[in-house]
Structure formats: structure tokens, C-alpha cells
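Below is one structure; the comments refer to it alone.
A short reminder: the numbers here are calculations on the coordinates, not readings from a lab. Because the structure is predicted, anything quoted here is derived from the model rather than measured. Glycine also receives a Cβ, built like all others from the backbone with ideal geometry; neighbour counts cover every protein chain displayed.
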Ligand code: ASP
């Protein structure tokens, strides 16, 4: 995240925290809390989710999202949607109202529309900052002869602004949600890790709620969210497991990213092996937000 975007990121995650906490405070579920938190970040153009997301190679916004309930293991995911302002809302409808787990592209949009979610135009999701970012990226790649469609996954200078939330409610249930516009200049139809169960998002009351960000291909090859949850189920704390996940990502595939983790006992883990990642958390005793935690 560039220096001039730091405040906007901290502001954005703090707003999301407030929205999620409001749900929990009045006795709502962890599932509702993560949905509301992610909606706030999808609506915030600072992040790579919803309006303001990175553009794909064709200059379009193409979004992925997943939400998962740790109590029941119910999950809902959408991939490659182009006409939804809040993909996490559609994912939640899938979780709550469909026997299926996953819908992609036009079928996902049709499912959303049939369940009362208004569709928008793709242009409504595109902002000038991202048109310029894509133009610069493609011009640079053309000039330097880089592979235009496969930027290097170990380049930490390319920002990853996927959003995610994890929550624990009064009933002792945990949930997780992740939403993204994916990677800059991605090939149309490319699906990242964010909406794949166990990769960019996972929740199970027997282990942990996890959301990840970073270059999606290495994360999905390692099924990293589930890998982390398994460490916690084996008796390790979220803080250690989150850091281990980042070490594993780096050592095994030279991947970069970040992770947030919460177990049903209320222990949290936040780690990243990028220079920065915006995060915020709140418990009944404490609230904190920042951009550098467990940084190398
Ligand atoms: N993980 C996302 C993806 O690869 C990108 C990100 O986290 O910024 O689609």
C-alpha cells in the first residue's frame, strides 16, 4: 500500500470493524457480522473489492467472494461476477437459500437477481484511478517486454487489496468472509483463491475462521486457509499459526500475502509477509488498528 493510501486503509478497516461489531453487540451472529463488515469494504473504493477494484486485462471489474459459517460449515461463493456491487451479499444468499455452494459468472448474477439483489452495470464498478493503473501497467509491461498476463507472484510492490473479516458471536460460533476484485490485469475468467473454500477463506467451529489476501495462485496451491485452521485444530494458537502460514507461503512457493485468524476461544492471529497490511480488531476489552504487525 502506497504511503498516501495508509490513512484510507486504516479508516476503511475501522469502519468495517464498527459495522461488524454493531451486529455482534446486539446479539447478532458472526455470519451477519462478517457480511456487514465486508459490505462496508466492498463499498469503499480504497480496496480491491466491489467498486474501485483492480481491472482485468479487458478493463473490466470481475469479482470473487466467499462467506462461511463455522457452526454448520455452510458456505456460499461467487466467482467472476461483473454486475454485483456487493458480491458477498450474493454469496450469503447462496449460503442461506441454495443447496449449492458456488455459482460463477452469469449464473451467479442470475441467482442474485432471482433472490432480490439488484444488478448494476460493470461500468458502475470501474473508477478512473483503476483505468489509469491498468493503462500504466500495460504500457510498462509492453515497454519492458514482460509477460503482460502473468505478473510475477513474488513482486511485493504490486498491492493486494482484497478484504476479509472473521468474527466470533455470543453463541460461540465463528464465521469468515473474503471479497476481491482479484489481481491487476488478470486474464478474463481467472478465478483467484479468495472465493475458494479453504484457500482464501474458511470457517469451522472445530478449528478457526480464516481470511487471506495476497497472490492467489500460491495461496490456492497450498489451500492456505485450511492449512492454517488445521494447525489450530492440532492445538496451536492463531497468532503462531498465522505467522507459520506466512512462513510456509514464502518458503514453499515464494508467495506473499496476509492472513487474519480467529478461534472459537477468541484468540486472534494477524500476519503478513508484505511490507504492510491494514487490520483492525475489537474485543469486549480492547480495540486496535494498524498496518504493521508481524512484518518482516
Ligand atoms: N488473493 C486475491 C487474488 O489472487 C488478490 C488479493 O488478495 O489482493 O485474487
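From the alpha carbon centroid of the stretch 201-232 to that of the stretch 124-139 is 30 Å.
Distance between the modelled labels on residue 18 and residue 267, one decimal in nanometres: 3.2 nm (7 Å Cα→Cβ projection). On the basis of the beta-carbon distance and an R0 of 45 Å, residue 138 and residue 284 show a calculated FRET efficiency of 0.40.
Per q in 0.16 1/Å, what log10 I(q)/I(0) does a Debye calculation on the alpha-carbon atoms of the stretch 76-226 return? Values, matching the q order: -0.95. For the chain, pairs of C-alpha atoms spaced more than 37 angstrom apart make up 7 percent of the total. For residue 124 and residue 7, FRET efficiency with R0 = 30 Å and r from the beta-carbon atoms, rounded to 0.05? Efficiency, from the Cβ-Cβ distance: 0.70. Highest mean packing first, where packing is the average number of other Cβ atoms within 10 Å per residue, the peptides 22-33, 186-197, 210-221 line up as 210-221, 186-197, 22-33. Which of the three applies to the stretch 233-279, rounded, prolate or oblate, going by the alpha-carbon gyration tensor with a ≥ b ≥ c and a/c under 1.5 meaning rounded? Cα axes put the stretch 233-279 in the oblate bin. Separation of the stretch 238-296 from the stretch 20-53 is 19 Å, based on Cα centroids.
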